[in-house]
Amino acid sequence: MSEKFEPVIVGFTCNWCSYRAADAAGTARVKYAPNVRLIRLMCSGRLDPTFVMKALAGGADGVMITGCHPGDCHYIEQNYKALRRFLLLRRTLKGFGIEPERIKLVWDSAAEGMKLGHEIDAFVDEIRALGPLNWPKWTGQAHPIEPVMEVTA
Ligand code: FES
């Protein structure tokens, strides 16, 4: 009997929108897949691309990047920087031979807890369909998940 693959997703959230949306979803008892581990940043523009690579190397099967809607960033236009980094990360993954769909970008306001829940559920299904990332296959080295926490502490 084979076990159902449960993906591990790391979600980088913006303090001003998606982190609050996740909070609102919890308060409103919106159910979403428990596969995502949310990490709060002050802004999506704070997301260093190495955070994403470390998350994947540390055991994540997918990474969700979330930020304020274009035009709504509290730090003027840092979410456009996040968008450029997202596109660069997808190209980099593709260059490694890894599915670029393992990284997803979602714009979400603090009032969109329900939408965030749906996006998380959809992403978990997409990653489940792709299967485990199995990073050691690409690098020959296994890493525990701890480096993700280390980076953001
Ligand atoms: S403050 Fe939310 S993306 Fe910049």
For the range 1-40, which residues satisfy the criterion of being part of a strand (DSSP E or B), near the ligand (Cβ under 10 Å from one of its atoms) and farther than 14 Å from VAL106 by Cβ?
none
Test of understanding: among ASP61, ASP48, which residue is away from the ligand (no atom under 14 Å from the Cβ), within 17 Å of ALA82 (Cα to Cα) and among the charged types (D, E, K, R)?
ASP48
Spot the failing condition for GLY11; the list is (1) over 22 Å from HIS118 (Cα atoms); (2) among the small types (Gly, Ala, Ser); (3) in contact with a Ser or Thr (Cβ under 7 Å, 6 or more places away or on another chain), and only one is missed.
(1)
Touching a helix residue (DSSP H, G or I) at 6+ places or on another chain (Cβ under 8 Å), free of Cβ contacts under 8 Å to residues at least 40 places away in the same chain and closer than 18 Å to CYS73 by Cα: is that true of CYS14 in this structure?
no
Can you tell me which residues in the range 41-68 are aliphatic (A, V, I, L, M), without any contact (Cβ under 8 Å) to a residue 60 or more places away in the chain and either surrounded by fewer than 22 Cβ atoms within 10 Å (Cβ to Cβ) or part of a loop (DSSP other than H, G, I, E, B) (or both)?
MET42, LEU47, MET53
Note on the range 64-122: residues acidic (Asp, Glu) and within 12 Å of the ligand (Cβ to nearest atom) are ASP72, GLU77, ASP108
Any idea which of (1) under 22 Å from HIS118 (Cα atoms); (2) assigned to a helix (DSSP H, G or I); (3) without any contact (Cβ under 8 Å) to a residue 24 or more places away in the chain is the one ARG84 doesn't satisfy?
(1)
Being among the small types (Gly, Ala, Ser) and modelled with pLDDT of 95 or more: is that true of ALA28 here?
no
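The values are calculated or read from the model by the stated rules, or taken from the named source; none is laboratory data. Everything numeric here is computed off the predicted structure, so don't read it as measured data. Reconstructed Cβ throughout: ideal geometry from the backbone, glycine too, with neighbour counts over all protein chains shown.
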